[in-house]
Amino acid sequence: MIDDLLPLVSRPSRYIGKEVNTHRKDPAVAKLRFALAFPDLYEIGMSYVGLHLLYHLLNSLEGVVCERVFSPWFDMEERLRSREIPLMSLESRIPLREFDIIGFSLQYELTYTNVLNILDLGGLPLRASERDEDLPLVIAGGPCAMQPEPLAEFVDAFLLGEAEEALPEMLRVYREWKEARGTKDELLAALSGIKGVYVPSLFSVDYDEEGKVKGIHPLKEGYEEVRRRALQRIDSTPYPTHPIVPFAKAVHDRLSLEVVRGCSRGCRFCQAGFIYRPLRERDPQVLLEVIDESLRNTGYDELSLLALSVGDCTYLPPLVRYLMARYGQEKVALSLPSLRVGTLAEDLIEEIKKVRKTGFTLAPEAATERLQRVINKIVPEEEVLSTAKKAFGAGWRLLKLYFMVGLPTEGEEDVKEILLLSRKVASRGGHVNVSVSTFVPKAHTPFQWERMIDLEEIAERHRLLKRELRGRRLRLKWHDPKMSFLEGVFSRGDRRLGAVLLEAHRRGCRFDGWTEHLKWPKWQEAFEAAGLDPKFYLRERDEGEILPWSHLKTGVKEDYLASERQRAYRGETTEECRPSCRRCGVCRDGEEVSLAAPFTPPPLPRGVREVVHRRPWVKKIRARFLKLQQMRYLGHLEMVDAFIRALRRAGVPLRYSEGFHPLPRLVFTNPLPVGVESLAEFVDVEISRYIRPAEFQERLNAQLPEGIKVVEAWEMAFKGGSLPNLFREDVFLVPLEGWSGPEEAERTIRAKVESGQLLFEIEKRGKQRTVDLLSFIEEIKVVPLEAFSPLVPLPPDVPPLGELLGEGWVLKMRVKKGLKPFYLLQALFDLSQEEAKLRRVLKVESLPPLI
Ligand code: SF4
């Protein structure tokens with residue numbers, strides 16, 4: 001089982017499942033089991049709002065169980081393969097093959113080898129044609145599904161566009177087919193009847209002698225093209241108010257809410273701006289309810305409002321002011337990650353900084369006005385500089401600037417201007433991180449026909465930037481050119497690239513979007529083995545050429561894209577399509593721009609005051625808690641986060657530190673090594689309003705994840721020393737059953753101790769040092785469990801030791817604080833690191849006892 005591997009892998013918390021707000025539906029009685037698969041690490045996948053939306057949407061359907069699957073990291077994959085354990089879902093550990101449907105979320109082309117790897121680890125044939133009706137149906141959606149040809153061989157059906165309505169329709173069709181015991185061909189034919197569903201095997205593609213697509217031929221009558229799905233009203237499906245709170249820190253570790261879908265701006269390089277048209281705003285009154293419930297249900301202290309350009313949201317200013325007034329007192333910070341320069345008024349900057357200064361990013365993309373006109377994103381230099389001045393003036397010390405190189409018509413002066421502009425921004429009083437990526441032409445945009453610059457040209461631009469980089473406050477970062485190159489190949493590639501993916505996967509390519517894991521020589525071999533030249537896919541396309549995605553429609557007319565391209569070459573901008581439509585073709589059949597009605601924020605609830613920075617009246621509560629079962633795999637910081645969020649959900653009035661980044665004033669005992677369980681963890685919590693310790697305990701226990709439990713809580717004086725300094729020793733018990741007899745263990749220990757030295761190599765932050773572990777041992781002996789009793793009796797809520805460790809003999813180790821018990825097991829019993837980590841270790845007390 002996967003659980004047996006948890007002690008042996010890095011960051012086991014990403015494989016635990018059982019996070020707060022996961023669904024606990026019984027898969028045994030489900031009519032349909034759906035595996036929601038994200039082809040990247042847990043920490044990345046859990047940051048995607050779409051994943052949370054789908055998870056809750058699917059689980060809200062009667063008879064459907066949806067569970068998550070992520071790409072396992074290299075160490076986990078190695079162990080799964082060596083022990084022939086199939087990849088399983090997080091929630092109920094269901095092997096992938098036992099699902100009805102596996103649905104991939106495709107966010108990025110460089111996750112395609114991970115898609116194959118997930119199928120492979122699940123024991124499924126990779127090619128769709130090799131999977132019959134007894135195996136799961138494999139579907140995929142997300143932005144990459146709008147041009148999914150490189151994956152056409154592996155995926156049974158793609159969902160183009162928005163899933164809220166179309167996915168339940170697919171599931172209904174699947175269930176009907178399942179009940180009728182149809183063939184796979186019948187299923188695919190039925191699915192292809194749903195608007196937005198693209199079944200690649202129902203098209204054949206041929207190529208001319210140059211390798212260009214010659215024709216795309218439907219194999220089913222009336223199925224010439226597939227149009228993307230879009231919701232007419234994005235509020236028509238309920239927004240989940242119980243998003244899962246991950247244990248392992250997600251890349252975006254906060255409550256994220258979509259406020260607007262689509263964008264009216266028409267930046268010519270931006271695929272999202274074209275494939276999510278038209279612009280639709282969520283109803284702010286509904287949003288307020290969702291925010292309130294979600295904060296209460298998660299305990300997050302940061303809220304992120306998402307949109308392609310959130311500054312364009314018509315009700316943003318009153319919404320931000322209301323949110324800061326409503327939640328500032330609870331120290332909920334606000335972040336607006338997609339602000340266009342010039343859309344953030346000075347008073348909003350002041351509002352946002354009231355709680356915490358979340359990241360501040362400006363994305364001009366191009367530095368010269370000429371090039372900005374080409375890409376249709378005008379960001380006047382004066383506005384960049386004045387926004388920077390406002391932000392630095394309001395206390396931000398660091399700004400991030402985003403630029404692209406390789407844009408159509410770009411010249412040397414455009415590249416040099418990136419640094420000139422960045423220097424000017426830094427001169428407004430702060431540090432600047434300049435992030436430079438390479439322009440990748442994307443399907444369904446006005447630049448879909450453009451040539452992409454190759455590796456040598458990318459390197460030239462980087463050399464130029466490096467040479468010209470001056471200024472102490474500037475830091476330059478660029479996106480790995482080889483990753484951009486591959487993204488360029490796959491984002492406009494055809495079906496033949498499936499052979500390259502197979503070869504690359506076979507050669508061990510995984511996590512290609514992670515610079516340190518991109519195996520460039522393997523990719524070169526894969527292209528060679530498949531007989532394809534990757535540069536072929538970077539070339540400029542004729543406007544009359546059949547593109548690999550010509551049969552897949554966003555609704556934006558092709559001649560609109562072509563006219564936008566011509567306008568780009570003439571340096572002409574196109575106004576945003578609000579209030580005046582630009583006739584791109586999307587708005588028809590009920591799809592149209594929809595703006596929210598004028599928003600008047602409701603009155604603040606009674607008792608809510610604006611942020612106060614006065615020091616509140618405080619008390620301190622000390623609590624003893626258990627960390628058992630799967631919770632042993634939480635690292636210290638993960639456990640702290642889980643604890644803080646539980647306190648917030650429980651409504652405990654926390655006291656916060658002052659300053660740039662206010663944090664709840666909590667102090668824990670020394671970090672417990674990952675993998676060790678404990679009956680004796682302590683925390684001091686400062687509170688700003690009185691609450692009885694018994695109530696504190698009860699409310700907190702109702703919110704803590706299973707395995708962490710407060711067993712005692714009492715009021716503390718502020719004096720009395722810091723918690724981590726109170727203890728000098730820890731006592732651990734290790735059951736011997738299954739790996740050593742008591743006499744044998746005792747003999748081994750005696751021999752080691754009598755030798756006078758117990759040398760052990762410890763690696764810390766990349767440095768090795770040898771320590772004599774005997775100097776850490778206060779007492780070590782083998783005892784029957786019933787003969788062990790702690791110095792201070794265990795609180796009544798602690799489960800009996802026999803229940804936790806099994807009756808039998810245990811190794812009792814009393815050691816100086818800070819020593820990892822696994823080291824001692826390794827040194828005493830000549831165990832490998834792996835063997836030691838597989839032993840169950842329970843910390844029973846810390847000494848001296850707290851009276
Ligand atoms: S049809 Fe008009 S309003 Fe609708 S997305 Fe296109 S340009 Fe904008």
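The values are calculated or read from the model by the stated rules, or taken from the named source; none is laboratory data. Because the structure is a prediction, the values reported are computed rather than measured. For neighbour counting, all protein chains shown are included, and Cβ atoms are generated from backbone atoms with ideal geometry for every residue, glycine included. Just the protein is used for accessible areas: all its heavy atoms, side chains included, with ligands, DNA and RNA removed. Shrake-Rupley method; radii C 1.70, N 1.55, O 1.52, S 1.80 Å.
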**Prompt:** Looking at this structure, is VAL586 of a type in the set (Val, Ile, Thr), more than 16 Å from the ligand (Cβ to nearest atom) and farther than 30 Å from VAL332 by Cα?
**Reply:** no
**Message:** Being outside any helix (DSSP H, G or I) and in contact with a helix residue (DSSP H, G or I) (Cβ under 6 Å, 6 or more places away or on another chain) is the filter here; which residues of segment 37-55 pass it?
**Reply:** ALA37, PHE38, PRO39, ASP40
**Asked** Considering only segment 166-206, how many residues are open to solvent by 60 Å² or more (accessible area, probe 1.4 Å) and outside any loop (DSSP other than H, G, I, E, B)?
**Response** 8
**Item:** LEU58 being touching a residue at least 40 places away in the same chain (Cβ under 8 Å), in contact with a strand residue (DSSP E or B) (Cβ under 7 Å, 6 or more places away or on another chain) and assigned to a helix (DSSP H, G or I)
**Value:** yes
**Request:** Say whether the condition of being away from the ligand (no atom under 16 Å from the Cβ), of a type in the set (Asp, Glu), assigned to a helix (DSSP H, G or I) and more than 30 Å from ALA230 (Cβ to Cβ) is met by at least one residue in segment 522-532.
**Result:** yes
**Prompt:** Can you find even one residue in segment 95-118 that is open to solvent by 10 Å² or more (accessible area, probe 1.4 Å), more than 22 Å from HIS23 (Cβ to Cβ), of a type in the set (Ser, Thr, Tyr) and outside any helix (DSSP H, G or I)?
**Reply:** yes
**Boolean, TYR239 is within 16 Å of the ligand (Cβ to nearest atom) and open to solvent by 10 Å² or more (accessible area, probe 1.4 Å)** = no
**Message:** Please return the ranges of strands (runs of 3 or more DSSP E) entirely within segment 636-723 where 2 or more residues are open to solvent by less than 40 Å² (accessible area, probe 1.4 Å), touching a helix residue (DSSP H, G or I) at 6+ places or on another chain (Cβ under 6 Å) and farther than 21 Å from ALA250 by Cα.
**Reply:** 676-687, 708-716
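Residue check: is VAL792 of a type outside the set (Ser, Thr, Tyr), crowded, with 18+ Cβ neighbours inside 10 Å and either in contact (Cβ under 8 Å) with a residue 60 or more places away in the chain or farther than 16 Å from ALA745 by Cβ (or both)?
Details: of a type outside the set (Ser, Thr, Tyr): yes; crowded, with 18+ Cβ neighbours inside 10 Å: no; either in contact (Cβ under 8 Å) with a residue 60 or more places away in the chain or farther than 16 Å from ALA745 by Cβ (or both): yes.
Taking the combined requirement at face value, the residue does not satisfy it.
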**Fill in**
Selection over segment 556-575 where residues are part of a loop (DSSP other than H, G, I, E, B) and either more than 8 Å from the ligand (Cβ to nearest atom) or at pLDDT below 90 (or both) yields a count of 7
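Of these, CYS263, CYS270, which one is within 16 Å of the ligand (Cβ to nearest atom), under 20 Å from GLY142 (Cα atoms) and either open to solvent by 30 Å² or more (accessible area, probe 1.4 Å) or within 19 Å of the chain's Cα centre (by Cα) (or both)?
Selected residue: CYS270, the only one of CYS263, CYS270 that is within 16 Å of the ligand (Cβ to nearest atom), under 20 Å from GLY142 (Cα atoms) and either open to solvent by 30 Å² or more (accessible area, probe 1.4 Å) or within 19 Å of the chain's Cα centre (by Cα) (or both).
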**Where a residue in segment 590-607 is under 24 Å from TYR276 (Cα atoms) and its partner, wherever it lies, is polar (S, T, N, Q) and within 16 Å of the ligand (Cβ to nearest atom), with Cβ under 7 Å and at least six apart** = GLY590/GLN232; GLU591/GLN232; VAL593/SER264; LEU595/THR314; ALA596/THR314
**Request:** Restrict the check to segment 504-521 and report whether at least one residue is free of Cβ contacts under 8 Å to residues at least 60 places away in the same chain, surrounded by fewer than 14 Cβ atoms within 10 Å (Cβ to Cβ), among the polar types (S, T, N, Q) and away from the ligand (no atom under 16 Å from the Cβ).
**Result:** yes
